[in-house]
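The values are calculated or read from the model by the stated rules, or taken from the named source; none is laboratory data. Quantities reported herein were computed from a predicted structural model and do not represent experimental measurements. Cβ: placed from backbone, ideal geometry, glycine included. Neighbour counts: every protein chain shown.
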Amino acid sequence: MSNLLDLLLAGLATGAIYAIVAVGFTLLWQTSQTINFAQGEFVMLPAFLVLAAMHAGAPFWFAILIGILLSLLLLGLGFKTLLVNPMLRHGVLPLAIATMALAIGIKEAVKQFFSAEASPFPSIVPAGDISFFGHPVSLQSIGVLALAILAVVGLTAFLNRTSVGHQMQAAAQNPTVARIIGVPVERMILLTFLINAFLVALASLLITPIYLAKFSSGEVLGQAAFIAAIVGGFNQVRGAIAGGLLIGVVDNLAAAYVSTQYRAAVPLILLIVIILFRPQGILGRAEERTI
Amino acid sequence: MTGAGKYWRVALGAIVIAGLIVVPANFNRYGLFILSQWAVMTIAAMGLNLTLGYAGQVSLAQGAFVGIGAYAAAIMTSQGMPLIAALGVAVVLCFSVGWILGYPALRVQHHYLAFVTLAFSTLAFLVFRNEDWLTKGIYGISNIPRPNIFGFATNRPLPFYYVCLGSLGIVSVMVWWLIRSPWGRAFLALRENPIRALSLGIDTRRYTLMAFAIGSALGGVAGALYAPLTQYVDPVPFNLSLSLDLLMMVIVGGAGFFFGPFLGAMIAVLLPEWLRFTEGYYLMLYAIAVILLLIYSPTGILGILDRSLAERRTKIASARRAVAASKLETAP
């Protein structure tokens, strides 16, 4: 029983990280029809930016700051102006394929300029266990979960309670009408890209201490985030959150109870079943078919 | 198309084919391997071009079908069965699995379909890696024999290159015929406007499944040649990145153009060799080049060519029109 609790907690912690990444993924889709196949690489890169800053002699907290700023600049502003803006008029699929190429580019750049080996990454949450009703619980899991929940709650509060958040939602749901009522749609779309860049940087800081920094780690993360986004609901922020948590828990339980060899298969089968029987996702709204 | 243009095309085609047969005769082992690999990847990319370029169904699973074909060939030929039997099994197997994989395409489109096929790709990889009894897992199957064709042993690189090239030729003719048949027209209708196609009485269900199944079967053909080409099969080459690579080959060459896959596979397979001097930077350069190309022309390299040809034709036509108009005006 206590084993199950541990698994659940660890699953929720990784799931919360998947949720953060998946939320960014759905935000990009909603505001600018961008299916970002490089989202996993976006999570991989900030950790290396932090490591590079630390190699240059910056203390850890300052390196984190530099890492987040560089992610905002490269993965937010740069991604939007250099890749998405010129590609958007060509439609969804060419843009998606351009992001696949971008994923290869980022991976190779890290391999070439940094290292092909896995590097350890300092944790922002202290390691160790705390006693919880006489049961040892991993402090790292609790810390990751708490930070991720904080980020998600902060983001939903921002989207639902502030004027800028409402404008962003309006820009996503109906850009034409939003423009008419005076929402600066372009600026809102840029803001989504910056939020995505911040979310992936945060996810990077949380997950890299657990899985090490490696140029290829984006593949697994990206896939987990896609699956989370689709299982939960592609057009809903809360759907992505639910999907992320669910995938994290399912993944961890599958590793323990199904087989370690096929643990990766369980979320994929879940994905196929969801797409076949409820393509809008567990919490998503059905998209109208346009003729 | 004017008559002279057609002759030029036939002549150009004959020169390219003759070049592909004659020039490699004194290539070294490695050059022949690369060229054979190009032929094999072109076959796989042609299959994906049918599914994506002509029928408009996104698939991220072509690499998995190459894997299924490769494992079918590896397992059967190392048991002593002839390659042609393995090829038949690979085609039938990939056709059936492709048909089943087409069912999600009836319900969901575009990005959802991309994710279903992506999931399938990863599942296939897990099976290749974990089912030791069948695939020997991560150790892979080695010493895969090369076939005897009409009594000729093709163990040496040059004869086997001709096997690959000949297969590419046969597949090309079949695909050429297919896209000019009513089926090809139906695939195009499916891509351009599925609802209109349905209202015109085209059985879109059947053609969607067909597009998937035939495209996948060609992936299987490529795989069945890949196994004897490398003579060693393990799960790593058939992970998701092969599917992504094949997709990029089709897009870079030009999706929906017959010669797109030839060009795309050439860039993906041969360019690394030419860019060898850049060492580790090759894939980075490739990624940047693909992005720039897509920004400039989302329909690939042949799309650029197509556009410039169309522009020239309009220019010639409008010049002729102007001449004709001036003649009309000056006419008494």
Exercise for review: Could you list, in sequence order, all residues of the stretch B:194-230 that are of a type in the set (S, T, N, Q) and in contact with a helix residue (DSSP H, G or I) (Cβ under 9 Å, 6 or more places away or on another chain)?
Suggested key: B:Thr204, B:Thr208, B:Ser216, B:Thr230
**Study point:** Count - residues of the stretch B:177-210 that are free of Cβ contacts under 8 Å to residues at least 24 places away in the same chain, exposed (fewer than 14 other Cβ atoms within 10 Å of the Cβ) and either within 18 Å of the chain's Cα centre (by Cα) or within 14 Å of chain A (Cβ to nearest Cβ) (or both)
**Key:** 5
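Okay, residues lined up against (1) in contact (Cβ under 8 Å) with a residue 12 or more places away in the chain; (2) in a loop (DSSP other than H, G, I, E, B):
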residue	(1), (2)
B:Pro237	yes, no
B:Leu244	yes, no
B:Leu247	yes, no
B:Phe257	yes, yes
B:Ala265	yes, no
B:Ile288	no, no
B:Ile291	no, no
B:Arg307	no, no
B:Arg313	no, no
**Study point:** Test: B:Ile17 is more than 30 Å from B:Leu188 (Cβ to Cβ), aliphatic (A, V, I, L, M), under 21 Å from the mean Cα position of the chain (by Cα) and surrounded by fewer than 24 Cβ atoms within 10 Å (Cβ to Cβ)
**Key:** no
Practice item. Looking at (1) of a type in the set (A, V, I, L, M); (2) touching a residue at least 24 places away in the same chain (Cβ under 8 Å); (3) farther than 23 Å from B:Gly264 by Cα; (4) out of contact with any Gly (no Cβ under 8 Å at 6 or more places or on another chain), find the lone condition where B:Ala72 falls short. Key: (4)
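Within the stretch A:84-139, restricting attention to residues that are crowded, with 16+ Cβ neighbours inside 10 Å and among the hydroxyl-bearing types (Ser, Thr, Tyr), which residue is nearest to B:Val58 (Cα to Cα)? Break it down into steps so the answer makes sense when it comes.
Our first condition is that a residue be crowded, with 16+ Cβ neighbours inside 10 Å; within the stretch A:84-139, this holds for A:84, A:86-88, A:90, A:92-112, A:114, A:121, A:123-125, A:137-138.
If we keep only those that are among the hydroxyl-bearing types (Ser, Thr, Tyr) too, we end up with A:99, A:123, A:138.
On the way: A:Thr99: 15, A:Ser123: 40, A:Ser138: 43 Å.
Among them, the one singled out is A:Thr99.
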Study note, to complete from the structure: If we keep only residues of the stretch A:95-146 that are small (Gly, Ala, Ser) and part of a strand (DSSP E or B), then the residue nearest to A:Gly40 (Cα to Cα) is A:Ser119
Check your understanding: Which condition does A:Leu150 not pass, out of (1) away from every other protein chain (no Cβ under 14 Å); (2) within 26 Å of A:Ala13 (Cβ to Cβ); (3) in contact with a helix residue (DSSP H, G or I) (Cβ under 8 Å, 6 or more places away or on another chain), if it passes all the others?
Key -> (3)
Study note, to complete from the structure: Among residues of the stretch A:171-227 being under 21 Å from the mean Cα position of the chain (by Cα) and among the charged types (D, E, K, R), the residue surrounded by the most Cβ atoms within 10 Å (Cβ to Cβ) is A:Lys214
Review point. Which ones in the stretch A:187-214 are part of a helix (DSSP H, G or I), modelled with pLDDT under 90 and not β-branched (Val, Ile, Thr)?
Key: A:Pro209, A:Tyr211
Review point. Exactly one of (1) within 14 Å of another protein chain (Cβ to nearest Cβ); (2) closer than 30 Å to A:Glu117 by Cβ is unmet by A:Gly233. Its number?
Key: (2)
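Here's the yes/no breakdown for (1) more than 23 Å from B:Leu168 (Cβ to Cβ); (2) in contact with a Pro (Cβ under 7 Å, 6 or more places away or on another chain); (3) at pLDDT below 85:
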position: B:Ala268; (1), (2), (3): no, no, no
position: B:Phe277; (1), (2), (3): yes, no, yes
position: B:Gly280; (1), (2), (3): yes, no, yes
position: B:Ile291; (1), (2), (3): yes, no, no
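Of all residues in the stretch B:125-135 being touching a residue at least 40 places away in the same chain (Cβ under 8 Å) and more than 10 Å from chain A (Cβ to nearest Cβ), which is surrounded by the fewest Cβ atoms within 10 Å (Cβ to Cβ)? Steps first, answer last, please.
So in the stretch B:125-135, the residues touching a residue at least 40 places away in the same chain (Cβ under 8 Å) come out as B:125, B:128-129, B:134-135.
Retained after the next criterion (residues that are more than 10 Å from chain A (Cβ to nearest Cβ)): B:128, B:134-135.
Numbers: B:Phe128: 26, B:Leu134: 12, B:Thr135: 21.
In this case the residue turns out to be B:Leu134.
Please work out if B:Ala85 is over 20 Å from the mean Cα position of the chain (by Cα) and over 17 Å from B:Asn155 (Cα atoms). Quick ask: steps written out before the conclusion?
Numbers: over 20 Å from the mean Cα position of the chain (by Cα): yes; over 17 Å from B:Asn155 (Cα atoms): yes.
Yes.
Give the stretch B:116-155 a look and list any residue that's of a type in the set (Phe, Trp, Tyr), part of a helix (DSSP H, G or I) and out of contact with any Pro (no Cβ under 8 Å at 6 or more places or on another chain), or say none. Lay out the reasoning, then the answer.
Going through the stretch B:116-155, the residues of a type in the set (Phe, Trp, Tyr) turn out to be B:120, B:125, B:128, B:133, B:139, B:150, B:152.
Subset that is part of a helix (DSSP H, G or I): B:120, B:125, B:128, B:133, B:139.
Correct list: B:Phe120, B:Trp133, B:Tyr139.
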Check your understanding: Can you tell which of A:Ala109, A:Ala38 is within 28 Å of B:Ala119 (Cβ to Cβ) and without any contact (Cβ under 8 Å) to a residue 60 or more places away in the chain?
Key -> A:Ala109
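So which helices (runs of 4 or more DSSP H) stay within the stretch A:2-94 end to end and still have 1 or more residues that are within 14 Å of another protein chain (Cβ to nearest Cβ)? Walk me through how you get there before you give the answer.
On the way: elements: A:2-32, A:39-55, A:60-71, A:85-88.
Those helices (runs of 4 or more DSSP H) span A:2-32, A:39-55, A:85-88.
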